Amino acid sequence: MNTTTLLRPPSSPSPIGRDLRAAIRSEWIKLGSIRATPIFVGLSIAIGVAMSLILGAIVKTDPYDHLPFTIGNTFLVSSWLTTLFAVVAGTLLFTSEVQHGTLASALTSRPSKPIIIGAKVCIAAVLGFVMGTLGIVGGLSGGLASGMATGDMSGAGSGVGWALVLTTLAPVLGLGVGLIVRHSAAAVTSVLVWALAVENLVRGMAPASVSRLLPFTAANGLLGTRSAADTPETLAAVFSSVGNAAVIGCWAVAAVAIGTALLIRQDS
Amino acid sequence: MINVSHLTKSYGERTVVDDLSFELAGGRITGFVGPNGAGKSTTMRMMVGLARPDTGTVTFGGSNYAELRDPARAVGVVLDARAMHPGRSARNHLRAMAAISSLPSARVDSVLHLVGLETAADQRVGGFSLGMRQRLAIAGALLGDPDVLMLDEPANGLDPNGIRWLRTMLTDFAHAGGTVFVSSHFIAELATFAHDLVVVGNGRLITAEPLIATLDRDRSRSLEDILVDLTSDAARYTAA
C-alpha cells in the first residue's frame, strides 16, 4: 500500500485516452467471458447459412420478380436478421450490467460515465462488425452448399461494405436502447416489437417519406432487401446507401446520446 | 484524511441522509452503524460518487472521488457482494476490474490467494456461496492495493473462519496506515477491532467518537445495548 497515494495532488488529470483504453480492455474482457457472446456469434453464422440454404434449396425463386435466387442476390439477406440480433446484443451490453449490479463497480473503478459508455460503444461496434462478417460468411457458405448459381457478384463488394456498416451500427443503437430502458427484458422486447411490428405498421400508414426514416426500414434499404409491407411507393422512396447509413447512424447516435444524458442525471 | 461534510440526500420527499458530517483518520478502523434505513449505504454511495448529494461534499485527501487520479489505487470499495455477473468466472471478474483501473493482471492471482479463492478462480460466480462472493468482492477492493477500504456489511455470509480472517485483514490494514470504513450489524464483532464509531439514525448523525468513548457511556452494558439505545428513536422502517 502506498500511503502517499491520497496525498498526491491530482495536478494533472488522468488522460482521457488512457482511461478510455483501459475501459475498452475491461469491456473486452467482460464480453469475452460470458456464454452469451459465443451464442450471438454462433447465431450470426447459423442464420447466414440457414437463410441461404432455405432460399437456395427450398424457396429457389424470388416471389416478387420470379427470378431464381443466386448467391449474388441472397448472401446478404440474412444480414437483416443479424442486424436484429446485433441490436439485441447491444442492449444487453448495458442492461446486463444494471441487472447484475456490475455497473456500480465499473463506476467506482472509473468514475466517468461518458468513458464507460464510450468504451461500450467501441465494443458494441466491434461485436457488430464480427457478427456481420460471420453472417456474410455464413450466407456465402449456405449459398454454395445449396447449389445456387453464383449470379451477378459485381455489387458484392459495396454490398458487403454497407452490410457491415449496418451490423456495426446496430449494436450501438441497441446500446442506446439499453441505456434508455435499463431493463434487459423490456429493452429486448422493445427492440423486437419495434422492428417486427411498429415499423411495419408505420410503413402501412405513414407516407413513404416518413417511413424511410425508420431504422429497420433504412436497414432494408441498405441491404437492398424488401419486406412484405413494402409497396412500390415505399421502394421508390428509399434513400441511397449513404442516406440509409446516415439514418441508422443518426438513430444510433441519438439513442446513445439520450441514454448517456439520462445515465449522467441518474444515480447509479 | 477523509472528510464528509454536511451531506444531504433526498429521494422525493424522503430525506435519506440529513446534514451528515464526520471525518475518517488514517490508520484507524471506523465502524459505521445504525438501524436499517438509516442512510449508511446511501452515504457510502455518495462518498464514491455513485449517488449525487443534494448538498455537502466528500473529500479524500482534499479531492473528491471523481478527481482521484486512480480511484482503485486510493479507495477499495465493497458495496454489494452480489454485484457480479453469474456467468463470469471469479478470475475474469477480477481481470475486468483490474483492466479498467489499469492495474497489472498479476494482481488478480495475488488477491485471489489473499482471500482464499485461488482454487475457485475459474469457477463461475453463479455457483458461489454468499461467503465466497463476499471474499471475491473484497478481493476486488484489494486489487489496487488501496489506502482506504470502504466496506458495506462485508461480514454478511462469512463463516466464523471468514469473519476472523476479515477482522485480521482489516486490523493489519489499519496497522499499516490504511483507513477502514466498515458498516456492519455485527456489533459484537465490530467491538473487537474498530477504533472509532460513526452512528447514524434517520439519516442524521447521532454520534461520531472513539469506540472507547461509546463504551464509557455505560461500562456495565455491551456495545450492542448502548447502540440500540442510541438509535432506538431512529429505528423506523419504511419502504423506499
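Residues of the range B:79-111 with backbone nitrogen within less than 19 Å of a virtual label 7 Å along the Cα-to-Cβ line of A:Ala185, please, listed as ranges. Within reach of a label on A:Ala185: B:86-87. Of all DSSP-defined beta bridges confined to chain B, some 55% are antiparallel rather than parallel.
If R0 is 51 Å, what FRET efficiency do you get for B:Ala213 and A:Ala46 from their C-beta distance, rounded to 0.05? For B:Ala213 and A:Ala46, the calculated efficiency is 0.15. Model label sites at B:Asp145 and A:Leu192, defined 7 Å from Cα along the beta-carbon direction, differ in position by 4.9 nm. Build a GNM of chain B with springs between Cα atoms under 10 Å: which of B:Met44, B:Met169, B:Met132 gets the top mean-square fluctuation? Per the Cα network of chain B with a 10 Å cutoff, B:Met169 tops the list.
Ordering of A:73-83, B:83-93 by packing is A:73-83, B:83-93, highest average first (other Cβ atoms within 10 Å, averaged per residue). Distance between the 7 Å Cα→Cβ label points at B:His6 and B:Ser220: 4.2 nm. Please give every one of the aspartates and glutamates within straight-line cross-link reach of A:Lys120, meaning a C-alpha to C-alpha distance under 12 Å, and leave out same-chain neighbours fewer than 8 residues apart. Cα-Cα hits under 12 Å: A:Glu27, A:Glu97. Counts of other chain beta carbons within 10 angstrom of each beta carbon in peptide A:18-24 average 3. Per-residue mean of foreign Cβ neighbours for A:90-103 is 2 (Cβ atoms of other chains, 10 Å radius). In the protein assembly as shown, a dipole from Cβ-located charges (positive for Lys and Arg, negative for Asp and Glu) runs towards its positive end, and of A:Leu164, A:Gly118, B:Ile226 it is A:Leu164 whose Cα lies farthest in that direction.
Pick from B:Gly140, B:Gly177, B:Gly76: which residue has the top mean-square fluctuation in a GNM of chain B where Cα pairs under 10 Å get a spring? Largest GNM mean-square fluctuation: B:Gly177. A cut-off of 5 Å between modelled amide H atoms, ignoring neighbours fewer than 5 places along the same chain, links A:Leu76 with no other residue.
For B:Lys9, the aspartates and glutamates whose Cα falls under 15 Å of its own Cα, not counting residues fewer than eight places away in the same chain, are A:Asp267, B:Asp18, B:Asp19, B:Asp54.
Per-residue mean of foreign Cβ neighbours for B:133-142 is 1 (Cβ atoms of other chains, 10 Å radius).
Take the Cα of A:Arg21, go 7 Å toward its beta carbon, and the backbone nitrogen atoms of the range B:74-115 under 20 Å from that spot belong to B:95-107.
For the range A:137-143, the Karplus equation 6.51 cos²θ - 1.76 cosθ + 1.60, evaluated at θ = phi - 60°, returns couplings of 4, x, x, 5, 5, x, x Hz by residue, with Gly and Pro reported as x. Distance from the Cα centroid of the range A:100-120 to that of the range B:8-80 is 18 Å (rounded to whole angstrom). Taking 19 Å as the straight-line reach from the Cα of A:Lys113, the lysines in range (excluding those fewer than 8 positions away in the same chain) are A:Lys30. Each of the peptides A:148-155, B:117-124, A:220-227, A:87-94 was scored by the mean count of other Cβ atoms within 10 Å over its residues; in descending order, highest first, they stand as A:87-94, A:220-227, B:117-124, A:148-155. Taking A:Val165, A:Val256, A:Val242 as the candidate residues, the one with maximal mean-square fluctuation in a Gaussian network model of chain A, Cα springs under 10 Å, is A:Val242.
Coordinate-derived values only; no laboratory data. Since the structure is predicted, the reported quantities are computational estimates derived from the model, not experimental observations. We place every Cβ from the backbone using ideal geometry, glycine too, and count neighbours over all the protein chains shown.
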